[in-house]
2 protein chains.
Amino acid sequence: MSRTLCVVQDFLSDAHKEKIRGTAQKAGFDVQFFTTPELSGAADCLQRCEVLYAGTPAALRGTSAALRWYACSAAGVDPYCQDPSLFANPDCILTNSNVYGTTISEYVIMVTLELLRQMPYFREPLQRHEWLVSPPIRSIKDGTFTLLGTGDLGRTIAVRLRGMGARRILGLNRSGRNVDAFDEILPISQLDSVLPHTSFLIMALPGTPETVGILDRRRIALLPPDAYVVNVGRGNAIEQDALREALCAGKIAGAALDVMEPEPLPPDNPLWDTPNLILTPHISGNMALGYTRDENVRLFCKNLLRYAAGEKMMGTVDRARGY
Amino acid sequence: MSRTLCVVQDFLSDAHKEKIRGTAQKAGFDVQFFTTPELSGAADCLQRCEVLYAGTPAALRGTSAALRWYACSAAGVDPYCQDPSLFANPDCILTNSNVYGTTISEYVIMVTLELLRQMPYFREPLQRHEWLVSPPIRSIKDGTFTLLGTGDLGRTIAVRLRGMGARRILGLNRSGRNVDAFDEILPISQLDSVLPHTSFLIMALPGTPETVGILDRRRIALLPPDAYVVNVGRGNAIEQDALREALCAGKIAGAALDVMEPEPLPPDNPLWDTPNLILTPHISGNMALGYTRDENVRLFCKNLLRYAAGEKMMGTVDRARGY
């Protein structure tokens, strides 16, 4: 009986499918493609498959104990780690796809410049066709930045900030272990002493029990009044009401949120009209960029060959740790 | 009789004035500070001064044949070159201040990302509190860029694009002479053959008779439909009506204009509501950034010592050539 690979993805081009088909053949797998798990034939394939390449818990829910590897096309795998019942086989391997650094780092540079250059100040006057003189602005060049999270995202963001001439980039991670591209790394346990000296905080943390509410009301109050906050990790890392109140009261200079709670944000949520806040609908790290799609498929194909050869795969997730 | 330096600037801090005072003393100059040429005492000082450090033609208009050097704090000196009657002394030296590369290049990176990431598409839905899925986007990483103008601005922009991972940066200048930071330089005379292969055009040209209307209707039509245009040079470099029509008809993908004609743009000008256009009120390269102000004063002080010593100054402008 042949081994089965089930692919449930809606972003694949013909070239992507061709590449996956060729790799599956080399690895000794039959492959079937579906754009959603609801399609006819998908249920049977999900039940049988040994390997699943998908991006939603809905696909995983259709699998059986035959599943030995779930290749997740997303970077954040918190939904899978928080719900072990999704895996009929408790030893099923979970890998994530750390291929969003390019698109997310470009998003971060964009909103960082929008905040430093006071673009929220211009938003409404420009809508009214009003020509304004610029208030004082700041630059990335010679600026200092604090990155909460030094994984694939944090590292790529640090490299881009460096390319723009940043003077000092401090990273915080769980272990305090050094990561290149940063000037200094501190353990997250020192966050309280770092925040009062942070003028620009970029949050790129995975969703784990330890990161929920990590920037709470007390810590937001530790930030200086000229501080900006950007979040591209998970919305629940920030105590959202407290951030909104700090922005309304001018206790921090501004913020950009691409992730929030809940998503989509309901039209009547007060976050929409918060001053000095740039709000975007979770667009920093999706499949909108061709480079991300290509890298996603490339990573999966590399991993499929490694899986077939019994080698260590890239992006293996410790489901207990959550990343 | 002592030599007189007249300073007409509204951006100077006490530290800046202290630095200028100390340098003037070393150079053998008496210095007087005014924030506008209309202030009491300014008229007399302007009449007498040998050196003027200012940023508006209004200040220069008050000077006499005694003026031997006009240190202009702006980068663009087209108003001075187009009106020789401003200089009572025909041999008066004119220098400009090429210190806007940092702030203008950060503006360019910001709007480049806003265009590539389709931010104009989100503008109105976000105002209506609408949560949208992202359309396809592009990245600076691995992108190709054409820069019209390879002076201080063009070069600094190229360095920033490189820092963001751009794959290929083509520069066009008058001579076709090589400039570091570019992959290739071509003479502007080859513009017509370059435009059809240009997917991102950044214009950073000085205002000279040759640059007026350089991107005219015929050349706009040479751009491919996926092309974006950014202008941070002079508004009159673009045939504005033709650009607006191309944007309205979807013949190019988008544009960002920080300079336009006229400035300020009247509230009823149709440019305000042009689709896929990012319009900002000439904020890319002003004195809003502290770094720009510091560099401006630093450059002037260096030049003042060179002037006093009879050495060649930085930023000397050929008034006939216009830059």
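The values are calculated or read from the model by the stated rules, or taken from the named source; none is laboratory data. For clarity, every value in this text was computed on a predicted model and none was experimentally measured. Counting neighbours? That spans all protein chains shown, and the Cβs are built from the backbone with ideal geometry, glycine included.
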Tabulated pairs, segment A:104-118, first within 9 Å of another protein chain (Cβ to nearest Cβ) and touching a residue at least 24 places away in the same chain (Cβ under 8 Å), second part of a helix (DSSP H, G or I) and not aliphatic (A, V, I, L, M), C-beta under 6 angstrom, 6+ apart or interchain: A:Ser105/A:Thr156; A:Ser105/A:Arg160; A:Ile109/A:Arg160; A:Leu113/B:Glu106
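Just checking, does segment B:279-286 include any residue being surrounded by 16 or more Cβ atoms within 10 Å (Cβ to Cβ), within 12 Å of chain A (Cβ to nearest Cβ), part of a helix (DSSP H, G or I) and out of contact with any His (no Cβ under 8 Å at 6 or more places or on another chain)?
No, the conditions are met nowhere in segment B:279-286.
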A:Leu205 vs. criteria more than 14 Å from chain B (Cβ to nearest Cβ), surrounded by 14 or more Cβ atoms within 10 Å (Cβ to Cβ), out of contact with any Cys (no Cβ under 8 Å at 6 or more places or on another chain) and not hydroxyl-bearing (Ser, Thr, Tyr): yes
Segment A:26-47: number of residues that are in a helix (DSSP H, G or I) and either closer than 21 Å to A:Arg306 by Cα or in contact with a Leu (Cβ under 6 Å, 6 or more places away or on another chain) (or both): 2
Subset of segment B:82-93 (residues that are surrounded by 12 or more Cβ atoms within 10 Å (Cβ to Cβ) and out of contact with any Leu (no Cβ under 8 Å at 6 or more places or on another chain)): B:Gln82, B:Asp83, B:Ile93
Scope segment B:252-271; condition part of a loop (DSSP other than H, G, I, E, B) and either under 16 Å from B:Pro120 (Cα atoms) or within 12 Å of another protein chain (Cβ to nearest Cβ) (or both); matching residues: B:Ile252, B:Ala253, B:Asp258, B:Met260, B:Pro262, B:Glu263, B:Pro264, B:Leu265, B:Pro266, B:Pro267, B:Asp268, B:Asn269
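Per-residue answers, yes or no, for (1) of a type in the set (Phe, Trp, Tyr); (2) closer than 25 Å to A:Asp318 by Cα; (3) not assigned by TED's automatic domain parsing to the domain that holds A:Lys302:
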| site | (1), (2), (3) |
| --- | --- |
| A:His16 | no, no, no |
| A:Ala42 | no, no, no |
| A:Arg48 | no, yes, no |
| A:Thr63 | no, yes, no |
| A:Ala74 | no, yes, no |
| A:Tyr80 | yes, yes, no |
| A:Ser85 | no, yes, no |
| A:Glu106 | no, no, yes |
B:Lys26, sole failed condition from (1) over 21 Å from the mean Cα position of the chain (by Cα); (2) buried (at least 20 other Cβ atoms within 10 Å of the Cβ); (3) under 16 Å from B:Arg298 (Cβ atoms): (2)
Residue tally, condition closer than 19 Å to A:Thr144 by Cα, assigned to a loop (DSSP other than H, G, I, E, B) and in contact with a helix residue (DSSP H, G or I) (Cβ under 7 Å, 6 or more places away or on another chain), over segment A:206-236: 4
Sole exception among (1) in contact (Cβ under 8 Å) with a residue 24 or more places away in the chain; (2) aromatic (Phe, Trp, Tyr); (3) at the interface with chain A (Cβ under 8 Å from one of its Cβ atoms) for B:Trp131, by number: (1)
Breaking point among (1) small (Gly, Ala, Ser); (2) facing chain B (nearest Cβ under 10 Å); (3) more than 30 Å from A:Ala24 (Cα to Cα), for A:Gly233: (2)
Residues satisfying the stated conditions in segment B:148-190, i.e. crowded, with 16+ Cβ neighbours inside 10 Å and among the basic types (Lys, Arg): B:Arg155, B:Arg160, B:Arg162, B:Arg174
Residue within segment B:295-318 that is surrounded by 21 or more Cβ atoms within 10 Å (Cβ to Cβ), farther than 24 Å from B:Leu86 by Cα, in contact with a strand residue (DSSP E or B) (Cβ under 9 Å, 6 or more places away or on another chain) and hydroxyl-bearing (Ser, Thr, Tyr) present: no
Considering residues of segment B:154-177 that are within 13 Å of another protein chain (Cβ to nearest Cβ) and basic (Lys, Arg) only, the residue nearest to A:Ser139 (Cα to Cα): B:Arg160
Yes/no for A:Glu38 being among the charged types (D, E, K, R), farther than 17 Å from A:Leu299 by Cα, free of Cβ contacts under 8 Å to residues at least 40 places away in the same chain and more than 14 Å from every other protein chain (Cβ to nearest Cβ): yes
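Of all residues in segment A:294-309, which are outside any helix (DSSP H, G or I) and touching a residue at least 12 places away in the same chain (Cβ under 8 Å)?
Step one: filter segment A:294-309 for residues outside any helix (DSSP H, G or I), giving A:309.
Result: no residue meets the conditions.
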Selection count where residues are among the acidic types (Asp, Glu) and more than 25 Å from A:Gly250 (Cα to Cα), scope segment A:186-231: 1
